[in-house]
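Worksheet for the structure shown next.
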Amino acid sequence: MMYVSMIFSAAFVGYSIGTAPIIGYHDGARNYPELKGLLRKSLTMIGIFGVGMVVSGELLAVPLSNIFVGYDAELMELTVSGFRIFALSFAFMGFGIFASDFFTASMTVRLLP
């Protein structure tokens with residue numbers, strides 16, 4: 001489950017790292033309306049992708065589990081059940097990753113001389 005989780009979270013990490021320079025630029029320029037718009041659009045997009053990842057995780061639980069534990073039927077059943085529960089975390093994961101990078105990007109500008 002953690003291997004698949006890392007693949008799903010890579011999308012959020014990539015987006016967060018990609019937007020960090022834009023966030024830092026607008027924060028440094030004190031362009032707060034643009035920063036607020038970027039935050040609103042990003043949270044909306046992350047929410048949509050999070051829901052999409054939950055749906056994908058639920059639909060792909062069997063094939064993804066089969067890649068790693070297809071050799072044992074009981075373990076496969078347990079893994080599919082656990083992954084379907086774990087997939088719900090994808091709806092929230094992106095917000096935490098983005099929030100961390102958002103505040104890091106905005107504080108980096110303030111700490112530079």
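In the frame of its principal axes, the chain has Cα extents of 59, 25, 15 Å, reported largest first.
With a 1.4 Å probe and every protein chain kept in, tell me what percent of the accessible surface of region 7-113 is carbon plus sulfur. Looking at region 7-113 in its full context, I get 72 percent from C and S.
Note on Ile7 and Ser89: the extension gain reaches 28.2 nm, defined as 0.36 nm multiplied by sequence separation minus the Cα-Cα distance. Distance between the modelled labels on Ile67 and Arg40, one decimal in nanometres: 3.8 nm (7 Å Cα→Cβ projection).
The values are calculated or read from the model by the stated rules, or taken from the named source; none is laboratory data. Everything numeric in this text was worked out from a predicted model, so none of it was measured. All Cβ positions, even for glycine, are placed from backbone atoms using ideal geometry, and neighbour counts span all protein chains on display. For the accessible areas, the whole protein counts, side chains as well, though only heavy atoms, and no ligand, DNA or RNA atoms are used. Shrake-Rupley method; radii C 1.70, N 1.55, O 1.52, S 1.80 Å.
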